[in-house]
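What follows draws every value from the coordinates through simple rules; no lab data is involved. These figures come from a predicted structure and were not determined experimentally. Because the Cβ atoms are built from the backbone with ideal geometry, glycine has one as well, and the counts that use them run over all protein chains shown.
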Amino acid sequence: MQLSRYMTLTPLFAVLMLLPSFAAEPQGVADEKSAELAAQTMAAMGGRDNYNNTRYLSWNFFGVRTHHWDKWTGRVRIEDAKNEVLILMNVNTKQGDVFEKGEKISDETKRGEMLQKGYEWWINDSYWLVMPYKLRDPGVTLQYEGEAQTEAGQAADVVVMTFEAVGVTPQNKYKVYIGKDDHLVRQWDFYSNASDAEPRFQTPWDDWQTHGAIKLSGNRGKRGLSDIAVLAELDDVVFTSPAPLAQP
């Protein structure tokens, strides 16, 4: 798949299907300290129940793409304004429609390729938004590394996050910095491969704000997520019609 100039700097991350898990107990593997930290982080962000009960999320990914996501059903609307591409699909089934410059793509091969691209965009872009809610997902292994400071100088506990046979790039690894004072994720270090000695990049997780009943962060340093919203209701036309959305 040909990636955009920005995405060559930001590879697709090893993630799970980002649909809500309604299991009462976490299913990932974690040592005792990591499990405790993950629970504190979830509580600081509003709690598992509030996250699961949050249905609609929307955000802009670094000025590149806009997403509207029905977390309960898997429906998404992905708009790449620069390239005039609109994808209306369900990320559970990978079925949907693609529009390019306002015209619906009818060629099945091209449509399939674009739906796969949309799925990978959603995996990548949504992980930048909701990763801290996915720390205990099935297939995720957490290992406590110790205390450290973020690049901004905040005292943190560091948890190493690896993956087992999940997502599109399970070879990735993260070091997740959880603030000692507020229990919120404050930085992540990305490793292309779990065996790498040095991270490919480090970015902050700052500007935590309350949206609905949960907290979300958009500040990633020089780049960021914008127009973050939690919505109680969203009209079905958002996910079914290629017509431009009404501006709020």
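Gaussian network model of the chain, Cα springs within a sub-10 Å range: biggest mean-square fluctuation belongs to which of Arg186, Arg136, Arg111? Highest fluctuation of the listed residues: Arg111.
Its Cα gyration tensor gives the chain an equivalent ellipsoid. The semi-axes, each the square root of 5 times an eigenvalue, are 30, 19, 17 Å from largest down. Principal-axis analysis of the Cα atoms of the chain puts helix 108-130 at an angle of about 30° to the longest axis.
For Glu147 and Phe99, the difference between the fully extended length at 0.36 nm per residue and the C-alpha to C-alpha distance is 12.4 nm.
Under a 10 Å cutoff between Cα atoms, tell me which one of Val176, Val185, Val237 has the largest fluctuation in the Gaussian network model of the chain. So, out of Val176, Val185, Val237, the one fluctuating most is Val237. Of all lysines in the structure, those lying under 17 Å Cα to Cα from Lys110, and not within fewer than 8 positions of it along the same chain, are Lys94, Lys101.
Full-extension gain between Asp196 and Glu36, please, as 0.36 nm times their residue separation minus the C-alpha to C-alpha distance. Working shown, then result.
Values: separation 160, 0.36 × 160 = 57.60 nm, distance 2.66 nm.
Answer, rounded to one decimal: 54.9 nm.
Applying a DSSP loop filter and a limit of 15 other Cβ atoms within 10 Å to the chymotrypsin sites (Phe, Trp or Tyr not before Pro) in region 71-149 leaves Trp72. Diffusion coefficient (Stokes-Einstein, Kirkwood radius over C-alpha pairs, 37 °C, 0.692 mPa s) for region 98-167: 212 µm²/s, rounded to a whole number.
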